[in-house]
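Novice: This is the structure I want to talk about, given as structure tokens.
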Amino acid sequence: MSNSDSKVVVITGCSSGIGFVTAVEFSKNDFTVFPTMRNLSKKNELEEELDNSEDILQLDVTDYASIDNTISQIKNKFGRIDILVNNAGYALFGSFEDTSIDEFKQQMETNFFGTVRLMKKVIPIMKKNNSGKIINISSIAGMSGFPFMPSYVSSSFALEGLTESLRYELKKFNIQLSLIEIGGVRTKFLDNKILSKDALKNTDYSKSMGNYLDMLENIFKNTITPDIIAEKIVEFSNLDILEPRYVIGEDVQQIINQKKILSPLDYEKYILDFMLNGIIE
Ligand SMILES: NC(=O)c1ccc[n+]([C@@H]2O[C@H](COP(=O)([O-])OP(=O)(O)OC[C@H]3O[C@@H](n4cnc5c(N)ncnc54)[C@H](OP(=O)(O)O)[C@@H]3O)[C@@H](O)[C@H]2O)c1
């Protein structure tokens, strides 16, 4: 749906999962939505769900030229971007020792610097209009450490710090930022995971790492579906004031509550006993 009064939304990573359903949800609620994806050959399914399929644009968050091109197109057409949803990302699994520096950097390039690049380009546009909302899809891995995904956890913690900090800087321009804290959500997230090259080689960590992945596969069978996240994102986009973070999912809320009330050592024991439950050698 595109009309001159409706708010203009840009979302990254819409070929599947949370980005896909969030694009559809915004469209159903009469926003002018520009879903983006790095590979447009994946756009057919989303095209069928949207009125304006020409609004699906190419954008790779690791490629500044592609960001520049797409955001400039939208700016030239509408003169504004009201809402930016930074959603694109993937999880790299592998112990710290089994993850190379290049693999570590690649994870940061997508999950952290991808959002940095988008915000560099979109904030000046929002500033001109003295208005804007930036919703960064984060993770419980941005609020708590977990083993065997140190680069993913680091990128999530970095995103949390950046978002919290920019809230102070951008307040006077009426640009609000918020983090969406999610745990397991049934998308292609686990299928799309990347294993570090050495992750399952016979290292000191491979057995625990294999157990950890099996545990996650099991947990993901019973997690919430992405439409719940999409509905909330649209709901938050309609609020006058955004909170710094929104927790979605009982699993995440429970972990955050425990971290608040337990001592740091007792919290570690809680994660080891209730989540990891003997799987780490
Ligand atoms: N699902 C969960 O349990 C969970 C939990 C915590 C946080 N999250 C976060 O939620 C976000 C969405 O994930 P999801 O669950 O919807 O998983 P998903 O189905 O795997 O979707 C991830 C999306 O990100 C895109 N992407 C990856 N690298 C990109 C790049 N360089 N440029 C542009 N797009 C790129 C993927 O595109 P391609 O199809 O081209 O690969 C895909 O569209 C991610 O940031 C993830 O870290 C998810």
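The values are calculated or read from the model by the stated rules, or taken from the named source; none is laboratory data. This structure is a prediction, so every number in the text was calculated from the model and none was measured. Note that each Cβ is placed from the backbone with ideal geometry, even for glycine, and that neighbours are counted across all protein chains shown. Side chains are part of the model used for accessible areas, which takes the heavy atoms of the whole protein and leaves out ligands, DNA and RNA. Shrake-Rupley method; radii C 1.70, N 1.55, O 1.52, S 1.80 Å.
Novice: Relative to the Cα centre, what is the charge dipole magnitude of region 128-281, using +1 at the beta carbon of each Lys and Arg, -1 at the beta carbon of each Asp and Glu, and rounding to the nearest 20 debye?
Specialist: The calculation lands at about 460 debye.
Novice: Roughly how many percent of the accessible protein surface of region 162-281 is carbon and sulfur, given a 1.4 Å probe and a whole-percent answer?
Specialist: The C+S portion of the solvent-accessible surface of region 162-281 is 52 percent.
Novice: Let me ask something else about it. Cut-off 10 angstrom, C-alpha nodes, Gaussian network model of the chain. Which of Ser151, Ser208, Ser138 fluctuates the most?
Specialist: Of Ser151, Ser208, Ser138, the Gaussian network model singles out Ser208 as fluctuating most.
Novice: Right, here's the next one. With a 10 Å cut-off between alpha carbons and a GNM built on the chain, which of Met215, Met149, Met108 moves the most?
Specialist: Looking only at Met215, Met149, Met108, the largest GNM fluctuation is found for Met215.
Novice: With every atom except the alpha carbons ignored, what do you get for Rg and Dmax of region 1-110, in angstroms?
Specialist: 15.4, 53
Novice: Next up: Pulled fully out, how much extra length does the chain show between Lys171 and Ser208, if you take 0.36 nm times their separation in residues and subtract their Cα-Cα distance?
Specialist: Gain in length upon complete extension: 8.9 nm.
Novice: Per residue, how much space in cubic angstrom lies within the convex hull of the C-alpha atoms of the chain?
Specialist: Taking the convex hull of the Cα positions in the chain, it is 129 Å³ per residue.
Novice: Where in the chain are the DSSP H helices whose C-alpha atoms run 30 Å or more along the long axis and whose mean Kyte hydropathy is at least 1.0?
Specialist: TM-like helix candidates: nothing returned.
Novice: Next question, about the same structure. What is the dipole size for the chain, taken about its Cα centre, with +1 at each Lys and Arg Cβ and -1 at each Asp and Glu Cβ, in debye to the nearest 20?
Specialist: 900 debye
Novice: Quick check of the Kirkwood formula: for region 133-225, what is the inverse mean of 1/r over all pairs of different Cα atoms, in Å?
Specialist: One decimal place: 15.1 Å for the Kirkwood radius.
Novice: For region 155-281, count the residues as N, evaluate 2.2 N^0.38 Å, and divide the Cα radius of gyration by that value, please.
Specialist: Expressed relative to 2.2 N^0.38 Å, the Cα Rg reads 1.28.
Novice: Would you grab the residues whose amide H sits under 5 Å from the one on Gln176? Only those 5+ places off in sequence or on another chain, please, with H modelled 1.01 Å from N.
Specialist: Long-range HN contacts for Gln176: Gly132, Lys133, Ile134.
Novice: Dividing the alpha-carbon radius of gyration of region 55-127 by 2.2 N^0.38 Å (N being the number of residues), what value is obtained?
Specialist: After normalising by residue count via 2.2 N^0.38 Å, the value is 1.30.
Novice: Once the Cα gyration tensor of region 46-196 is found, what semi-axes does its equivalent ellipsoid get, as square roots of 5 times the eigenvalues, in whole Å, sorted largest first?
Specialist: 28, 19, 14
Novice: Ordering Phe93, Phe113, Phe189, Phe274 by accessible area with a probe of 1.4 Å, largest first, what comes out?
Specialist: Phe274, Phe113, Phe189, Phe93
Novice: In whole angstrom, how long is each semi-axis of the equivalent ellipsoid of region 94-133, when you take the square root of 5 times every eigenvalue of its Cα gyration tensor and sort them from largest down?
Specialist: Working through the eigenvalues yields semi-axes of 33, 8, 4 Å.
Novice: Suppose all protein chains stay in the model; what accessible area per residue would a 1.4 Å probe give for the chain, in Å²?
Specialist: On a per-residue basis, the chain sits at 49 Å².
Novice: Something else now. Which one of Glu164, Glu25, Glu48 has the biggest mean-square fluctuation once the chain is modelled by GNM with Cα springs under 10 Å?
Specialist: Glu48
Novice: Taking the Cβ of Ser144 as the center, what net charge do the other residues with Cβ under 13 Å away carry, scoring Lys and Arg +1 and Asp and Glu -1?
Specialist: Once all neighbours under 13 Å are counted, the net charge is -2.
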